[in-house]
1. Taking only pairs six or more apart or across chains, which ones have beta-carbon atoms under 7 Å, a first residue in region 212-236 that is assigned to a helix (DSSP H, G or I), and a second residue that is modelled with pLDDT under 95 and open to solvent by 80 Å² or more (accessible area, probe 1.4 Å)?
2. Quick test of your reading of the structure: Ser146 fulfils all but one of (1) small (Gly, Ala, Ser); (2) open to solvent by 10 Å² or more (accessible area, probe 1.4 Å); (3) within 15 Å of Ser62 (Cα to Cα). Name the failing condition by number.
3. Name every residue in region 242-259 that is open to solvent by 50 Å² or more (accessible area, probe 1.4 Å), assigned to a helix (DSSP H, G or I) and either closer than 10 Å to Gly139 by Cβ or in contact (Cβ under 8 Å) with a residue 12 or more places away in the chain (or both), in order of residue number.
4. Out of Ser71, Ser47, Ser62, I need the residue that is loosely packed, with under 15 Cβ neighbours inside 10 Å, within 30 Å of Glu251 (Cα to Cα) and of a type in the set (Ser, Thr, Tyr). Which one?
5. Among residues belonging to region 164-211 that are among the basic types (Lys, Arg) and in a helix (DSSP H, G or I), point out the one that is most open to solvent (accessible area, probe 1.4 Å).
6. Among (1) touching a residue at least 60 places away in the same chain (Cβ under 8 Å); (2) closer than 18 Å to Arg15 by Cβ; (3) under 20 Å from the mean Cα position of the chain (by Cα), there is one condition Val141 misses while meeting the rest; what is its number?
7. For the structure I just gave you, tell me whether Arg166 is in contact (Cβ under 8 Å) with a residue 24 or more places away in the chain and farther than 28 Å from Arg191 by Cα.
8. Only residues that are open to solvent by 50 Å² or more (accessible area, probe 1.4 Å), assigned to a helix (DSSP H, G or I) and closer than 15 Å to Thr101 by Cα: list them for region 1-44, please.
Amino acid sequence: MIYTTILVAEAAGIRTITLNRPERRNAMTPEMQDELITAMNEAAADSCRVIVFRGAGEAFCSGLDLAVLQSMENKSAAELHADAERIATLFRTLYELPKPTIAAVHGPAIAGGTGLATICDFTLAVPTAKFGYTEARIGFVPALVSVFLALLVGEKCARDLLLTGRLFDAAEAHRLGLVNEVVPPDALDERVRALANLLAANSPDSLAATKRLLVAEKKAWLDAAIDLAMDASAQARETADFKEGLAAFLEKRKPVWSK
């Protein structure tokens with residue numbers, strides 16, 4: 001498979017998937033989302049033992065690309081729902097991967113980038129890494145990330161992060177349980193490698209069975225929650241608040257909400 005928005009490499013059974021749009025702070029596009037899904041499915045079917053996610057350049061992932069946000073104004077309801085379904089597939093594929101996953105977060109991981117980083121089995125971050133579910137700031141609904149956030153931290157913490165839309169650092173992410181370890185920048189690569197090697201030494205069948213069990217325990221709830229989230233995500237993109245929030249963001253002004 002030839003990729004244009006990500007890089008895929010493997011050494012000693014460790015498959016590394018690197019988001020590779022550094023000029024756009026690795027902002028997601030539909031093409032990147034499709035390529036990530038394909039790369040994860042390939043890794044699941046191949047003989048690699050562990051999958052590591054990284055970001056090229058200064059950021060891990062800055063969320064959805066601005067050009068993609070702008071294009072939503074001209075999309076039909078069916079197209080908006082297809083976009084939401086693609087994001088749901090991306091996150092669910094990551095959550096249900098049968099092999100251990102590690103996110104090496106060396107810079108900002110915002111909105112969907114926070115989702116990508118924290119849905120991994122292990123999230124290692126440098127102290128200066130920033131996280132945040134910032135969708136409410138532009139009149140959007142953090143629908144799909146909210147499903148997995150609630151699983152990770154519980155409803156009370158999820159309400160805080162989703163409703164305020166605030167940024168938070170690696171230390172707070174660690175305290176909340178979204179980050180496993182906060183690692184000095186010059187030690188991140190070594191720590192990721194050590195963790196990957198530790199996981200790779202375990203029985204792959206045992207790891208896959210354990211992950212399937214953890215997923216199966218929540219399947220019914222997850223099915224229903226994701227269906228609701230896809231509808232909410234698509235509907236939010238048609239609202240006056242989203243259009244105003246996006247315009248305000250582009251014009252670098254405070255939004256004037258409809259109510």
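1. As it stands, the answer is none, since no pair meets every condition given.
2. (3)
3. If the condition is that a residue be open to solvent by 50 Å² or more (accessible area, probe 1.4 Å), assigned to a helix (DSSP H, G or I) and either closer than 10 Å to Gly139 by Cβ or in contact (Cβ under 8 Å) with a residue 12 or more places away in the chain (or both), then Lys243, Phe249, Leu250 are the ones that fit.
4. Testing whether each residue is loosely packed, with under 15 Cβ neighbours inside 10 Å, within 30 Å of Glu251 (Cα to Cα) and of a type in the set (Ser, Thr, Tyr) leaves just Ser71.
5. Ranking the qualifying residues of region 164-211, first place goes to Arg175.
6. Result: Val141 fails condition (2) only.
7. Judged against the criteria, Arg166 is a match.
8. Hits for region 1-44 are Asn41, Glu42.
The values are calculated or read from the model by the stated rules, or taken from the named source; none is laboratory data. Predicted model, so just to flag it, every value in this text is computed and none were measured. Because the Cβ atoms are built from the backbone with ideal geometry, glycine has one as well, and the counts that use them run over all protein chains shown. Keep in mind that these areas ignore ligands, DNA and RNA; they rest on the heavy atoms of the full protein, side chains included. Shrake-Rupley method; radii C 1.70, N 1.55, O 1.52, S 1.80 Å.
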